[in-house]
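K.L.:
Okay, handing you the structure first.
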Protein chains: 2
Amino acid sequence: MSASEEAEKYLSRLSALTIEWIKRGEQSDSLVSRWASSSQLRDNVTLDLSEEAQSEDALFDNMRSILDNSINPYTGRFLDKLYSAPRPIGLAAENLLSTLNANGHVMSASPMLCLAEETCVAGLAKLCGWNAEEADGLTMPGGSSSNTLAMQTALQNRFPAFRKQGMLGIMKDLMREGTEINACRPLLFTSAQSHYSLDKAAMGCGLGLESVVKVPCDAQGRMDVAALERLIIAAKDGDAAPPERRGVPFFVNATSGSTVLGSFDNLQAISEVCQRYRLWLHVDGSWGGPVLFSEKWAKLMSGIDKCDSLAINPHKVLNAPLQCSFAVFKRGSSLEANSLDAGYLFHTDSQVGIESTSRSRHLARRENPGALAYGCGRRGDALKLYLLWNRYGRRGLGEHVDRGFELAQRVADLTSSEKYKHTLESGPRPDPLFLQVCFRPTTSLEEFRRLRKDEQIEALSKCTRHVHATLRQRRRFAVDFAPLPGEIGEFIRLVVHPQTSFTDLADLVQDIAIIGAEYFRTTFG
Amino acid sequence: MSASEEAEKYLSRLSALTIEWIKRGEQSDSLVSRWASSSQLRDNVTLDLSEEAQSEDALFDNMRSILDNSINPYTGRFLDKLYSAPRPIGLAAENLLSTLNANGHVMSASPMLCLAEETCVAGLAKLCGWNAEEADGLTMPGGSSSNTLAMQTALQNRFPAFRKQGMLGIMKDLMREGTEINACRPLLFTSAQSHYSLDKAAMGCGLGLESVVKVPCDAQGRMDVAALERLIIAAKDGDAAPPERRGVPFFVNATSGSTVLGSFDNLQAISEVCQRYRLWLHVDGSWGGPVLFSEKWAKLMSGIDKCDSLAINPHKVLNAPLQCSFAVFKRGSSLEANSLDAGYLFHTDSQVGIESTSRSRHLARRENPGALAYGCGRRGDALKLYLLWNRYGRRGLGEHVDRGFELAQRVADLTSSEKYKHTLESGPRPDPLFLQVCFRPTTSLEEFRRLRKDEQIEALSKCTRHVHATLRQRRRFAVDFAPLPGEIGEFIRLVVHPQTSFTDLADLVQDIAIIGAEYFRTTFG
């Protein structure tokens, strides 16, 4: 049988299964998950690898079992994470990608995927107010990778020794320049509520966790910009900071849409500080970056034109399929510092890059996009944003973002409404509210009110965990919990995706209130 | 329209396009590519992002244009890279993955994908002769990422300071232990012919390129193990090595299937050296790792049972779709050093990990596989190997590998046969030969023979580039060239994929000989 015949047979047979599964998810009485826990799954499902080829029927039984035992995001009630069901055009994009099976490392192997990447990067750069011809960027396998690439690129550009001698070379250079020995290390600054990938990146890049200076946040979860400046000054002035906080600031990460509260740092104010101290300003917009598509909400990232790089994940708010993340750089030439020669792979097209204009340099760079990052082979994930953008238009994607804001506000209004005055309490809320609503059950029972503050917090956190576990048992909704800043314990973090139905959200809020009230009655009643 | 209806419509309409495109590729007169260069493509094709939503017809025109202007691997004549057309079951796996759209970072979000990953990791560990219950591993977005994770994990386990203080902390600890200041840096060893991702990883991890000690190779491209030991000893002994080669050895990378020649390092001999000096031994089997599936050729990786970690890419030799790469670790617990707490994401299932047996520790770790690496969100790429393995069985995959070896040997025999005695010359060849055949046109014309050796090499390299360019113009075959070790200039590096037809390969060899002869006649005739 030819590959085309086998592919045709598989895809048509599989498509019947997947469409049926999506439809099952769309039914109002569907469950998000078949199992309430991993141990339950393990008790009931085993996967095996066979020594001999399996029959087609056995393979399809296998595929059906994978569908049946997975989380079904098409229920619209998987509100647990920062992604949800993909848009149908995304499924088409994935099919196209897997059919092409082209590697995005060099343009000669994947001409159209590279062109799609370049087009999307230029489109994103324009949304940032950057010169699209000078900007450049890449899809990366996730927001963490995009943040890491920004950090590595900043290190390469700020410290020439990083390339050959690594951190030790940087230290030697700084000592030679007269920096005090205990301050000879690069420091990066990020808010206390930023994503843990900044810590992981610092660890993975050989900086170490202590090179990450956590800047306090205000009550709405935004970086305190005055504190940022104080910490920068203190780090540079050997005497003012404790030894472990001394160093050479080189990088600031601002967050557009924090992971728990959904806060947006003030890019305008932070960029002024960064210009003053000549620091690379990266924006982790993995979650909130898509506000750039919205006419109404792009203002939350006002100042992005003065930043150096941006991570943005269309696989979250915009519902592209996983993974679809971009690292975009205002000065594309800064990425060249990451390149290494690889004679067997990277060739230059003799027709491009001869003139040293910024356009021809851009074209030369785009011949071998893989050279600009730290991986080699790459999936052409940009195609997903390319088709999504054209399916809905910039305007449609912006309106999608707007719907999310409206819906989240409605849910927030509900949780703090008269109806739930005695049974739910709200977590801190940024203004305007992005797509997360944090709240938890509370109680006015006498026995609870008599507890010390810390005991109350513990009781509320316990109840939150109980609610989470109960919802997981019921399997109608999936929702996560998280500890909130300020030592106030754990809250339900409800992620309101723009496509969610308000009725479902209202049902969930009610379930949470009822489960919580029942818990408190049993515990304190 | 519901998501299921829209998906159904898109997928059936797109499927007609993709199957037609695959069929077109399968025709004997098909071209690998529509365009001969990126500049030609750029002159003829433009991609745009629209402000308003596009019509369905416009979207499908767009998708058709992406297919029409891409490389078609189903021709079987794309022999340019270490991957080729994916197996049809791979396309099914990708469809399933994109439908599920589940994130592999935590098991609660992607129970079946995490189980598939765990099952494949155990299967690969068994092929290595490791204890599957103690081993662990992850899919990574490519072989470079797998190699990088191994390096980071080795750093974390060997140097506890890496986590918090990074390279500077390592240096301070080493100085405190009495290491001479100029030798206070971690060194890794890899062969001169290993993949450039080892250099990139060292750069990205803050070690710097100078921390990579390149070990010379023998004539077949295998690491010279005696030289490895000499270099290790010299690095540790301050006086014997030049200052830039002094340091603390911690990691050796052995290559199973080198990028250009396809050589396999002697794992048995290297592992003895590593045990002697207590060094982490990683195997980059991104390309050659699948020999483990073959009863006949697994011996090329004999000694793998004594290694610490393995990178293997089923998206290359085994024709899973891009990307499908695994990093597997003999001691899964070593991965725990990479973890960071993230209260909003990583929760522990109260039912697992209570007992501290190796099984329960394994289960606890598998609740949050994302915590073991440096990214956060992950695509469930293991599903591709899982379905591929069951479609063909271990035996079928092994036979696939065997076919590749046989085919490559036939091509090598042809290029060095009587027929091409005067027109082709062979590059260095490992014994046994893996899937690459390196050769180039040569000539016995008098004017060429009178040239100095270095002039001959230059002329031969120029001819190789000319052949490459001519084939690109003709677009019937895609094949790459690479500089070979030993300053012998550039050669055609033909990648013989197991599914390639011998007739096509013989035609290509003939084309190369004829184009070369014509070039030499014009130049020297």
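The values are calculated or read from the model by the stated rules, or taken from the named source; none is laboratory data. In this text, all values refer to a predicted model and were calculated from it rather than measured experimentally. All Cβ positions, glycine included, derive from the backbone under ideal geometry; neighbour counts span all protein chains shown. To get the accessible areas, we keep the full protein, side chains included, count just its heavy atoms, and leave off ligands, DNA and RNA. Shrake-Rupley method; radii C 1.70, N 1.55, O 1.52, S 1.80 Å.
K.L.:
Give the distance, in whole Å, between the Cα centre of the range B:54-88 and the Cα centre of the range B:172-194.
P.N.:
Rounded to whole Å, the Cα centres lie 47 Å apart.
K.L.:
Enter the mean number of other protein chain beta carbons within 10 Å of the beta carbon of each residue in B:83-90, as an integer.
P.N.:
Details: counts 5, 1, 4, 6, 4, 11, 7, 4.
The per-residue average across the peptide is 5.
K.L.:
Moving to a separate point now. Given the options A:Gly427, A:Ile457, A:Thr470, identify the residue whose Cα lies farthest towards the positive end of the charge dipole of the range A:391-524 (+1 on Cβ of Lys, Arg; -1 on Cβ of Asp, Glu).
P.N.:
Of A:Gly427, A:Ile457, A:Thr470, it is A:Thr470.
K.L.:
Here is a further query. For the peptides B:440-446, B:148-154, what is the packing order when you average, over each peptide's residues, the other Cβ atoms within 10 Å and list the highest mean first?
P.N.:
On the way: B:440-446: 18.4, B:148-154: 26.0.
Final packing ranking: B:148-154, B:440-446.
K.L.:
Which distances in nm, rounded to one decimal and ordered from shortest, link the label point of B:Ala192 to the equivalent label points in the other identical copies, with labels set 7 Å from Cα toward Cβ?
P.N.:
In nanometres, ordered from closest: 5.5.
K.L.:
Using protein chains only and a probe of 1.4 angstrom, how many square angstrom of B:His466 are accessible, to the nearest 10?
P.N.:
Looks like 70 Å² after rounding.
K.L.:
Could you tell me what fraction of 2.2 N^0.38 Å the Cα radius of gyration of the range A:87-138 comes to, as a two-decimal ratio?
P.N.:
Details: Rg = 12.8 Å, N = 52, 2.2 N^0.38 = 9.9 Å.
Computed over Cα atoms of the range A:87-138, the ratio equals 1.29.
K.L.:
Got the B:Arg521 label distances to the other copies yet, label 7 Å along Cα→Cβ, in nm, shortest first?
P.N.:
From this label point to the equivalent ones elsewhere in the assembly: 9.7 nm.
K.L.:
Per 0.36 nm of contour for each residue apart, how much would the distance between B:Asp454 and B:Lys421 grow if the chain were fully extended, relative to their Cα-Cα spacing?
P.N.:
Working: separation 33, 0.36 × 33 = 11.88 nm, distance 2.16 nm.
Full extension from B:Asp454 to B:Lys421 adds 9.7 nm.
K.L.:
When the distances between all Cα atoms of chain B are binned every 20 Å from zero, what whole-number percent does each bin get?
P.N.:
Taking all Cα pairs of chain B, the binned fractions are 20, 49, 28, 3, 0 percent.
K.L.:
What is the mean projected area of the alpha carbon convex hull for the range A:155-238, to one decimal in square nanometres? Before the final figure, lay out the partial values.
P.N.:
Values: hull surface 23.2 nm².
Computing the convex hull of the Cα atoms and averaging its projections yields 5.8 nm².
K.L.:
Okay, moving on. Divide by every residue of the protein assembly as shown the summed helix terms, -39500 (n - 2.57) for each DSSP H run of at least 4, and state the resulting mean residue ellipticity at 222 nm, rounded to the nearest 500 deg cm²/dmol. If you can, show how the numbers build up before the last one.
P.N.:
Numbers: 30 runs with 460 residues, N = 1050.
Roughly -14500 deg cm²/dmol at 222 nm, from the helical runs in the protein assembly as shown.
K.L.:
Chains B and A: what accessible area do they bury, summed, in square angstrom to the nearest 100, with a 1.4 Å probe? Display every interim value, and only then the final one.
P.N.:
On the way: alone 24590 and 24550 Å², together 35970 Å².
It comes to approximately 13200 Å² buried between B and A.
K.L.:
What average count of beta carbons from other chains do you get within 10 Å of the Cβ of residues in A:68-80? It would help to have the intermediate numbers written out before the result.
P.N.:
Details: counts 1, 3, 12, 10, 3, 6, 6, 0, 1, 0, 3, 0, 4.
Partner-chain Cβ atoms within 10 Å, mean over residues of A:68-80: 4.
K.L.:
Evaluate the charge dipole of the protein assembly as shown about its Cα centre and quote only its size in Debye, nearest 20, assuming +1 on the Cβ of each Lys and Arg and -1 on the Cβ of each Asp and Glu. Don't skip to the end; give the middle numbers.
P.N.:
On the way: 120 positive and 126 negative charges, 202 e Å.
Taking the Cα centre of the protein assembly as shown as origin, the dipole is about 960 debye.
K.L.:
Label-to-label distances across copies for A:Gly129, with labels 7 Å out along Cα→Cβ, in nm, shortest first?
P.N.:
Inter-copy label distances (nm, one decimal, shortest first): 6.3.
K.L.:
Rounding to the nearest 20 debye, state how big the charge dipole of the range A:391-524 is about its Cα centre with +1 on each Lys and Arg Cβ and -1 on each Asp and Glu Cβ. Numbers along the way, then the final one.
P.N.:
Working: 21 positive and 19 negative charges, 71 e Å.
In total the dipole reaches around 340 debye.
K.L.:
Could you tell me which of B:Gly169, A:His105, A:His497 has its Cα farthest along the dipole of the protein assembly as shown towards the positive end, charges placed at Cβ (Lys, Arg +1; Asp, Glu -1), taken about the Cα centre?
P.N.:
Ranked along the dipole, the leading option is B:Gly169.
K.L.:
Still on this structure, I have one more. How big is the range B:142-322 by Rg and Dmax over its Cα atoms, in Å?
P.N.:
16.1, 51
K.L.:
At a threshold of 8 angstrom on Cα-Cα distance, excluding pairs fewer than six apart, so keeping six or more, what relative contact order does the range B:371-496 reach in percent? Walk me through the numbers before you get to the answer.
P.N.:
On the way: 123 pairs, mean separation 25.5, N = 126.
RCO, the range B:371-496: 20 percent.
K.L.:
Separation of the range A:271-347 and the range A:91-111 by C-alpha centroid, Å?
P.N.:
Measuring centre to centre over Cα atoms gives 23 Å.
K.L.:
Among A:Ser334, A:Thr255, A:Leu198, which residue has its Cα positioned farthest towards the positive end of the charge dipole of the range A:100-390, with +1 placed on the Cβ of Lys and Arg, -1 on the Cβ of Asp and Glu, and the dipole taken about the Cα centre?
P.N.:
Sorting the options by dipole projection puts first A:Leu198.
K.L.:
Over the whole of B:167-180, what's the average partner chain Cβ count within 10 Å per residue? Rounded to a whole number, please. Provide the component values of the computation, followed by the final result.
P.N.:
Details: counts 12, 14, 5, 4, 3, 0, 0, 0, 0, 0, 0, 0, 0, 0.
Per residue, the number of nearby Cβ atoms from other chains is 3 on average.
K.L.:
When we measure straight from the Cα of B:Lys164, which lysines land under 19 angstrom away, once same-chain ones fewer than 8 places off are left out?
P.N.:
The qualifying lysines are A:Lys200, A:Lys214, B:Lys172.
K.L.:
Round to a whole angstrom and tell me the spacing of the C-alpha centers of the range A:383-457 and the range A:472-525.
P.N.:
Spelled out, the Cα-based centre of one part sits 11 Å from the other.
K.L.:
Which order do the peptides A:88-94, B:115-121, B:54-60, B:480-486 come out in when sorted by mean C-beta neighbours inside 10 angstrom, highest first? Let's see the in-between values first.
P.N.:
Values: A:88-94: 27.0, B:115-121: 24.7, B:54-60: 14.3, B:480-486: 19.1.
Order by mean packing, descending: A:88-94, B:115-121, B:480-486, B:54-60.
K.L.:
Next up: In the range B:297-322, what residues drop by 30 Å² or more of accessible area when the other protein chains are put back, versus the chain on its own? Use 1.4 Å, and skip ligands and nucleic acids.
P.N.:
B:Leu322
K.L.:
May I pose another question? Between B and A, which B residue has the Cβ nearest their rotation axis, distance in Å?
P.N.:
Checking which Cβ lies nearest the axis yields B:Gly206, 1.
K.L.:
Right, another one. Rounded to whole Å and sorted largest first, list the principal axis extents of the Cα atoms in the protein assembly as shown.
P.N.:
103, 67, 58
K.L.:
Next question, about the same structure. Where nothing but the Cβ of Lys and Arg (+1) and of Asp and Glu (-1) is charged, how large is the charge dipole of the range A:100-390 around its Cα centre, in debye to the nearest 20? Mind dumping the intermediate values first?
P.N.:
Working: 29 positive and 28 negative charges, 28 e Å.
Approximately 140 debye in magnitude.
K.L.:
Then there is this: Percentage of Cα-Cα pair distances in the range B:391-524 greater than 25 Å, rounded to whole percent? Intermediate values should be presented prior to the final figure.
P.N.:
Details: 2377 of 8911 pairs.
Roughly 27 percent, rounded to a whole number.
K.L.:
I would also like to ask the following. Show me the helices of chain B, taken as full DSSP H stretches, that run 27 Å or more along their long axis by Cα and average 0.5 or above in Kyte-Doolittle hydropathy. Please list the in-between numbers first.
P.N.:
Values: long enough: B:3-26 (33 Å, -0.59); B:382-415 (39 Å, -0.39); B:453-474 (31 Å, -1.14); B:502-524 (32 Å, 0.58).
Helices meeting the criterion: B:502-524.
K.L.:
So, one more: On average, how much accessible surface per residue is there in the protein assembly as shown, in Å², for a 1.4 Å probe, leaving out ligands, DNA and RNA?
P.N.:
Numbers: 35970 Å² over 1050 residues.
Using a 1.4 Å probe on heavy atoms only, each residue of the protein assembly as shown averages 34 Å².
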